[in-house]
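Undergrad: Can you read through this structure? Questions will come right after.
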Amino acid sequence: MFDRLTNSWELAKASLQVLRSDKELLVFPLISAIGAILVMITFMIPLIASGILQAIAEGSSRGARAAANVDETMWIPGLILMFLFYVVTYFVTFFCNTALVGAAMIRLRGGDPTVSDGFRIASSRMGNILGYAVISATVGMILRAISERGGIIGAIVSSMLGFGWTVATFLVVPILAIEEVSPIDAVKRSVDLLKKTWGENLAANFGIGAVFGWMAAGVIFLVFMPLMGLGIATESGGLMVFAVVVLFIALVAIGLISSALTGIYQAALYRYATDGEIGGAFDAAVIQQAFKPKR
């Protein structure tokens, strides 16, 4: 366990060194976050105002039989809008992630990428990114249905299937950024690469995420809660507001850096899995620890 935690920390440090060379890589997760918020506002306002969202919730919570009694003029269009919401959200996320990975790949190959380089790469793959967004939205809707209609067992099954899908599609974004393949072929190729070099721990999903999860917990327990507690004890509204602002800024910064480092590491993993080279500040031994041959 200690070895895995140490390896995850080394991966985070190596990714951070690449990020220090190209701080503009933070622009991609920032735009992705802003885009996701705008998409949510765009879809949620009409869904809430029309009552469609409430109809979906009632139908889902009562099960398939009860759903038949829900006004289909609202429920079916609601499901369609929810699917479109998934598609658009995934498209924005995958587009920015593809731009990030594309720019990171330029750096790992010795170049000096710009933000426009990343978006140029993503724009050239727009059709495939949209196709992958549709696939992911379909999977997401299916998993959501299993979770909502299957009770506790459905939630467990949905979580297991979701985990399997995450693992299977781990390298899809780098593949879309680098290779001229369809989204379906990208998923197949991602599975093939993971079979070839199965990860003892997929550090970009778990190691780096854990490191920044601990950082977020540290901010909450060591900074936010003491400040908030002091504000409550002294009845200082200004101090309580300051605590909330500090927490918000810290969590946003942690999220942006974590997303950027994950994209950088994905690019490094893809490069190692395809041609055995590393690049950047990555130690070959660290990458090989994350991608050990399958026993």
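Undergrad: I'd like to verify a number: residues in region 1-35 that are at pLDDT 80 or above, assigned to a helix (DSSP H, G or I) and within 21 Å of G110 (Cα to Cα), how many?
TA: So the count comes out to 12.
Undergrad: Assess whether A103 counts as being surrounded by fewer than 15 Cβ atoms within 10 Å (Cβ to Cβ), in contact with a helix residue (DSSP H, G or I) (Cβ under 6 Å, 6 or more places away or on another chain) and either under 27 Å from Y265 (Cα atoms) or of a type in the set (G, A, S) (or both).
TA: Answer is no for this residue.
Undergrad: Are there any pairs with C-beta distances below 9 angstrom linking a residue in region 164-181 that is among the charged types (D, E, K, R) to a residue that is modelled with pLDDT of 90 or more, with the two at least 6 apart or on different chains, and if so which?
TA: Here the result reads E179/D185; E179/A186; E179/R189; E180/R125; E180/N128, each pair linking region 164-181 to a residue that is modelled with pLDDT of 90 or more.
Undergrad: Evaluate the following for S50: is it hydroxyl-bearing (S, T, Y), surrounded by fewer than 18 Cβ atoms within 10 Å (Cβ to Cβ), at pLDDT below 70 and over 21 Å from L171 (Cβ atoms)?
TA: yes
Undergrad: Still on this structure: Working only within region 229-239, note down all residues that are in a helix (DSSP H, G or I), in contact with a Leu (Cβ under 8 Å, 6 or more places away or on another chain) and either small (G, A, S) or surrounded by 14 or more Cβ atoms within 10 Å (Cβ to Cβ) (or both).
TA: Of everything in region 229-239, those that are in a helix (DSSP H, G or I), in contact with a Leu (Cβ under 8 Å, 6 or more places away or on another chain) and either small (G, A, S) or surrounded by 14 or more Cβ atoms within 10 Å (Cβ to Cβ) (or both) turn out to be G231, L239.
Undergrad: Do we have any residue at all in region 260-272 that's at pLDDT below 90 and in a loop (DSSP other than H, G, I, E, B)?
TA: The answer is no; no qualifying residue exists.
Undergrad: For region 152-180, what are the residues that are closer than 16 Å to S136 by Cβ and not in a helix (DSSP H, G or I)?
TA: Answer for region 152-180, where residues must be closer than 16 Å to S136 by Cβ and not in a helix (DSSP H, G or I): T169, F170, L171.
The values are calculated or read from the model by the stated rules, or taken from the named source; none is laboratory data. Here the structure is a predicted model, which means the values were calculated and not measured. All Cβ positions, even for glycine, are placed from backbone atoms using ideal geometry, and neighbour counts span all protein chains on display.
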